[in-house]
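Throughout, read-outs are computed from the coordinates displayed, never taken from laboratory work. Treat the numbers as computed from the prediction; the structure is a model and nothing was measured. Virtual Cβ from ideal backbone geometry, glycine too; neighbours counted across all protein chains shown.
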Amino acid sequence: MRSVSVLLLLIVCITSSVTAASLEEPSLSFKLTGLKRFQQANTIRNSNIDALRSEAEFGCNTILDTIPADQIQDFLNGAVDAKFGGDSAASASTTAILKATISTRSTHGIQVRRVCASCQDFEDIIDHPDYQRYCGSQVYGYNQTFSGLLVLPLSQNGGTDFQPGTLPGVVWAHPTIVNTPPSTSYTGTSSSGQTLIFGFMPASMGSPVIMPDYFGYGVSNAKIYKAYVIRQSYETSVIPIWYTAARILREESNCQTELANELTVTGYSEGGYSGPIVATALHTLGWNILKVHAGAAPARSGSALIPGLLQSVDLGVYPSAYGDIFMLLGSSYSTTYQDVANFGKGQDVVKPEFREEVINLVMSAPGRSNLLEFLGDDWLRIFDDEFLAWARDVYETGDPDPCARRFEQGFNDFICPAFKDNDITELLETTPFPIQMCHSVDDEVVVYENLPNITKNENLTLLTVTGSHLDAGFPCLTNAFMYLTTPAFQEYPIQAKHSVDGCPTSNTSPSSSPTFVSQNSTGESSPSSALPVLPTGGGPPEPSSLDTQPPTSDGSQVLFAGFSLIVACNVASVLVFWN
């Protein structure tokens, strides 16, 4: 009980630091101009091109760091010092609470890797009927290599071997990042607060963690268009990273360590959107989703998202730090992502005179300040005037469905399907596994109207909070991080997959179970003993009340009763922590 109380105090202070902001960090340097990048990217569709930087030069599948169990607490304490070092009382108290938690819960060493993979890598070795739907050759970018950060738990007994057993996984879906995705921003103890809290710490508690870069970031930067709030892009760029993590654990441990069928997914803002998408795809492919925490999700891209953004700008409440979102949205829905309905239909949301420059800037991955400088004081000047007038009419009249209000051939008959196809309201309202939404009634970036109808599905729950988009990250991600420490996750009955005697010489899984397959010497497909066996389809077992409802019996009530302690935490440390 004492350790739980310490943890609650820890979360109250430190996760007030967990926000959706990101300060500038050094980005990878590329020699090609933005225009040349744009010209190269324009040629991509299911074809290989010469990389601006080869995968070897990028450092694909490179071990960045290994910290054994007897050093993990010193390492994490160093990371805490790097984030919270200061003379203020708040910094001192936060540091003390974090270190107390590390001393009681962080018992595993960790290995940090940059991993890369493509859907094409697994095309012929995953025997599941829905794999082609998410990662088949018809999907834009299926043969593009994507990247992410992988943090793996090492044995509690010391050394550099993986922790043996079948280990439940964690997916961290990051918020909007302009040029510093997880795999390129690892800097040891001075890494971002996201990496510390949702990467290092869960792994040090025994769970493998993947932190995907997303579509057009990391190794895929400048090789393919960046995608933003495009549903398919998150499936394509995250699924192969997950399977790569499973393969690494199995192959390199001789089957003594396996990625469990069970996992949890957490995200905020863009990650609140991508998290449920990735979880749904993995569930369909046979994985057991224990719970998803989706904070500030722009779920209603087909209705509330764009009008809500415009209304905040018109009211003068939209924060200047998030102006880059207009660039990312504009680029993604202006004939770049080839599987979007308005691609090449003359209904781009960005004006023709700005389109090339906007895309060049987004593709070249400059800092956030570069995008804001381009936008200047008029963030909306890049958008088509008639498109803006249509969206403004929606929020001024209060109509919840802009396409139903005005649908005209030649004006929005392609842009409407583009946004509606990427709306995830129905996905959320029909989810077969627990998803907890978290949203602020005061959110000025992703307005509250983006929420789905929570009453439509008992698996869908809501934590309503207050504060700005930035500030709401505290209670939303507090709740998400806390879940990783509760019995609902830590003591969930895991379906064992590992073998203490090493990999079997033949696959003995039931024939009805979807498996990885490999090619034998005759060219015929056969089950592979070197790759993970997937669970039988049908979804997760019946969840307990802890899985379906906001935590109330595991200490959460103490946490939320203690929200008044936020004032004791130095607001200045918030941004320092998160970045």
Requested in this report: Return a whole-number percent for the relative contact order of region 171-296, with Cα pairs under 8 Å and 6 or more residues apart as the contact set.
Outcome: 28 percent
Report summary line: For region 119-263, percent of DSSP beta bridges that are antiparallel (nearest 5) comes out at 45 percent
Requested in this report: Obtain the nm distance between the two label points defined at ILE454 and ASP378 by a simple spin-label model: each point lies 7 Å from its Cα along the Cα-to-C-beta direction.
Outcome: 4.1 nm
Report summary line: Between ASN261 and residues 5 or more places away or on another chain, the pairs with built amide H atoms under 5 Å apart involve GLN495
Query raised in the report: From the phi of every residue in region 137-153, what ³J(HN,Hα) in whole Hz does the Karplus formula 6.51 cos²θ - 1.76 cosθ + 1.60 yield, where θ is phi - 60° and glycine or proline is x?
Result: 5, 7, 8, 4, x, 5, 9, 7, 7, 10, 9, x, 9, 10, 10, 10, x
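Return a whole-number percent for the relative contact order of region 338-428, with Cα pairs under 8 Å and 6 or more residues apart as the contact set. Could you put the intermediate results ahead of the total?
On the way: 44 pairs, mean separation 37.9, N = 91.
It comes to 42 percent, rounded to a whole number.
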Requested in this report: Mind checking the full-extension length gain between LEU388 and GLN490? Use 0.36 nm per residue of separation minus the Cα-Cα distance, one decimal, nm.
Outcome: 31.9 nm
Report task. Determine the gain in length on full extension of the stretch THR464-THR107; use 0.36 nm per residue of separation and subtract their C-alpha separation, reporting nm with one decimal. Result -> 125.1 nm
Query raised in the report: In nanometres, what is the gap between the two model label sites at GLU408 and GLU396, each 7 Å from Cα along Cα-to-Cβ?
Result: 1.5 nm
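Place a +1 charge on the Cβ of each Lys and Arg in region 231-274 and a -1 charge on the Cβ of each Asp and Glu, then give the dipole magnitude about the Cα centre in debye, rounded to the nearest 20. Let's see the in-between values first.
Working: 3 positive and 6 negative charges, 18 e Å.
Rounded to the nearest 20 debye, it is 80 debye.
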**Report entry** Placed amide H near ASP413: partners under 5 Å, 5+ positions off or other chain
**Finding:** GLU408
**Report entry** Relative packing of 292-303, 347-358, which averages over residues the other C-beta atoms within 10 Å, highest first
**Finding:** 292-303, 347-358
Report summary line: Protection proxy (average C-beta count within 10 Å per residue), highest first, orders 135-146, 197-208, 394-405 as 197-208, 135-146, 394-405
**Report entry** Pairwise label distance in nanometres, GLN156 with ASP442, each label 7 Å out on the Cα-Cβ vector
**Finding:** 4.3 nm
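What pairs in LYS223/LYS291; LYS291/LYS420; LYS83/LYS223; LYS291/LYS497; LYS420/LYS456 have C-alpha atoms more than 30 Å from each other?
As for pairs spanning more than 30 Å Cα to Cα, those are LYS223/LYS291; LYS83/LYS223.
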Report task. Starting at the first residue of region 184-197, write each ³J(HN,Hα) from the Karplus equation 6.51 cos²θ - 1.76 cosθ + 1.60 with θ = phi - 60°, in whole Hz, x for Gly and Pro. Result -> 9, 10, 6, 9, x, 5, 9, 5, 5, x, 4, 5, 5, 7
